[in-house]
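A.B. asks: Got a structure here, written out as structure tokens. Questions coming.
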């Protein structure tokens, strides 16, 4: 009886062992084939990207029969991503993007897609105007989900530009250039995509003309200054002003700031422009030192300019040349770009030296774009300038709590605060109730010509 039970036990043990081995084998082969299928899938995507020549050929063939064609240009600027992340992570994200674009612009709509340059893409399909926009929106939605997953939403801004046509008279080169123009306009307007039409085509031509002429506009001193006063929250008295620029173009007259500031950035003239404006401001202060040295006049500086190794020497040389007080000028750190650790280190050293020489440092647009709480500890600053969106959102209870806590945090760190975008009595009241030190906005003063500011200062 005991022997029989033992045999039964041994048989059960053998069966269980065999089952475990089989199960392990199934798992092993499952993982193997899954990895293989992923590799095959990735390879299939790579092979499915065609050449630009094929897209051009297909465009011309379908044009001959006057069929609808849509050319899509996709801009994928990975510069900031590559600077701030490992190459492996950047490549992994890039591969994911390629798959998403392939899925939405190729598989689902029977189109073609090709890589353009090192990072951008060009797609061709037969979708009509009312069909392509929803397709791009789905694509953007999935891309955004992927960026959230990798925590790089703030580093990459993908833009789509497209043109729909059934004309057989338009060349592929023209269609592609117009899709690129639309993509550029999408970037200027900070939207995900844009369709080319006659009106925005003219706007693009104007933008290109501005970029071609911007250096000569600076060299020929076609810019003039305006100032928007900053007031004390408790007394409403003027304590200084932000320096603003206006362009009186020789060919187009007075132009809006968004047009020429975008050109300055796109052409890479940030440092040249920032230094030019700073010197103009110093020269203006020097023409009435007795009156103007009582106030603080702040100039916006790009974070790229603040990386310049010669920044401190330039600023101090200007102050000495025009014989003004260092306390009369201030530098506002713009929220225009992310910095690498090395760049941030250089900026921190420059700001610390400038502050040590008596120059006031402001952190501009806090709560927007690339500014963050880490900037409060990374940079040597004096004033936190709170973005208008937070100021105006403080009329709601939740917004007020956010504003109040930002101000408290700044005060605890030893900084003063300035709220911009105060345009109504309600804005003024909530800003004052939150404990802000200084105010800037239309409720008190709009940007004004130099002559008007001079009159205000003299009266005071």
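Taken together, the values in this text are just the output of simple stated rules run on the coordinates, not laboratory data. Computed from a predicted model, the values in this text were never measured in an experiment. Here the Cβ positions follow ideal geometry from the backbone for every residue, glycine too, while neighbour counts run over all protein chains shown.
A.B. asks: Under the definition of Cα pairs under 8 Å and six or more residues apart, what whole-number percent is the relative contact order of region 48-196?
C.D. replies: On the way: 234 pairs, mean separation 50.7, N = 149.
Result for region 48-196 is 34 percent.
A.B. asks: Compute the normalised compactness of region 163-309: alpha-carbon radius of gyration over 2.2 N^0.38 Å, N being the residue count.
C.D. replies: Against the empirical 2.2 N^0.38 Å value, I get 1.36 for region 163-309.
A.B. asks: Before anything else, pin down the relative contact order of the chain: Cα pairs under 8 Å, at least 6 apart, normalised by residue count, whole percent.
C.D. replies: 11 percent.
A.B. asks: What residues of region 413-434 lie in the reach of a label at residue 459, counting those whose backbone N is under 20 Å from a point 7 Å from the Cα along Cα→Cβ?
C.D. replies: Counting backbone N atoms under 20 Å from the label point, the list is 423-425.
A.B. asks: Considering only the chain, what is the antiparallel percent among its DSSP beta bridges, to the nearest 5? Each step should come with its number before you reach the end.
C.D. replies: Values: 33 of 58 bridges.
Roughly 55 percent of the DSSP beta bridges within the chain come out antiparallel.
A.B. asks: Further, regarding this structure: What is the Å³ per residue value for the convex hull set by the Cα atoms of region 48-196?
C.D. replies: Normalising the Cα hull of region 48-196 by residue number yields 100 Å³.
A.B. asks: Would you kindly state how much longer the chain becomes between residue 320 and residue 398 on full extension, computed as 0.36 nm times their sequence separation minus their alpha carbon distance, in nm to one decimal?
C.D. replies: 23.3 nm
A.B. asks: How far, in nm, would the chain grow between residue 191 and residue 250 when pulled straight, counting 0.36 nm per residue and subtracting the alpha carbon separation?
C.D. replies: My answer for the length gained is 18.1 nm.
A.B. asks: Just the Cα atoms of region 221-459, one point each, no solvent: what log10 I(q)/I(0) does Debye give at q = 0.08, 0.09, 0.11, 0.18 Å⁻¹?
C.D. replies: Log10 I(q)/I(0), no solvent term: -0.29, -0.37, -0.56, -1.54.
A.B. asks: Follow-up. P(r) of region 113-171 in 5 Å steps, Cα pairs, percent per bin?
C.D. replies: Reading upward from the zero bin: 4, 13, 21, 21, 20, 11, 5, 3, 1, 0.
A.B. asks: For residue 169 and residue 377, FRET efficiency with R0 = 41 Å and r from the beta-carbon atoms, rounded to 0.05?
C.D. replies: Working: r = 60 Å, r/R0 = 1.47.
With a Förster radius of 41 Å, E is 0.10.
A.B. asks: Which residues among region 309-334 fall inside the zone where the amide N is under 18 Å from a point 7 Å beyond the Cα of residue 349, along Cα→Cβ?
C.D. replies: 309-316
A.B. asks: For region 183-244, would you read off the P(r) tail past 18 Å as a percentage of all alpha carbon pairs?
C.D. replies: 62
A.B. asks: So how far apart, in nm, are the two label points at residue 118 and residue 452 if each is 7 Å from Cα heading toward Cβ?
C.D. replies: For residue 118 paired with residue 452, the spin-label model returns 4.8 nm.
A.B. asks: Relative to 2.2 N^0.38 Å, what does the C-alpha radius of gyration of the chain come to as a ratio? Two decimals please.
C.D. replies: Rg over 2.2 N^0.38 Å, computed on Cα atoms: 1.31.
A.B. asks: So if we plug the beta-carbon distance of residue 423 and residue 368 into 1/(1 + (r/R0)^6) with R0 = 25 Å, what FRET efficiency do we get, rounded to 0.05?
C.D. replies: The value I calculate is 0.90.
A.B. asks: If you find the alpha carbon centre of region 180-226 and of region 94-115, how far apart are they in angstrom?
C.D. replies: Computed from Cα coordinates, the inter-centre distance equals 29 Å.
A.B. asks: How big is the antiparallel share of DSSP beta bridges in region 221-459, given as a percent to the nearest 5?
C.D. replies: Once the DSSP bridges in region 221-459 are tallied, antiparallel ones form about 40 percent.
A.B. asks: When only alpha-carbon atoms are used, what values of Rg and Dmax, in angstrom, describe region 264-372?
C.D. replies: When restricted to the Cα atoms of region 264-372, Rg and Dmax are 13.8, 42 Å.
A.B. asks: From largest to smallest, what semi-axes in whole angstrom does region 257-319 give when each is the square root of 5 times an eigenvalue of its alpha carbon gyration tensor?
C.D. replies: Output for region 257-319: semi-axes of 24, 15, 9 Å.
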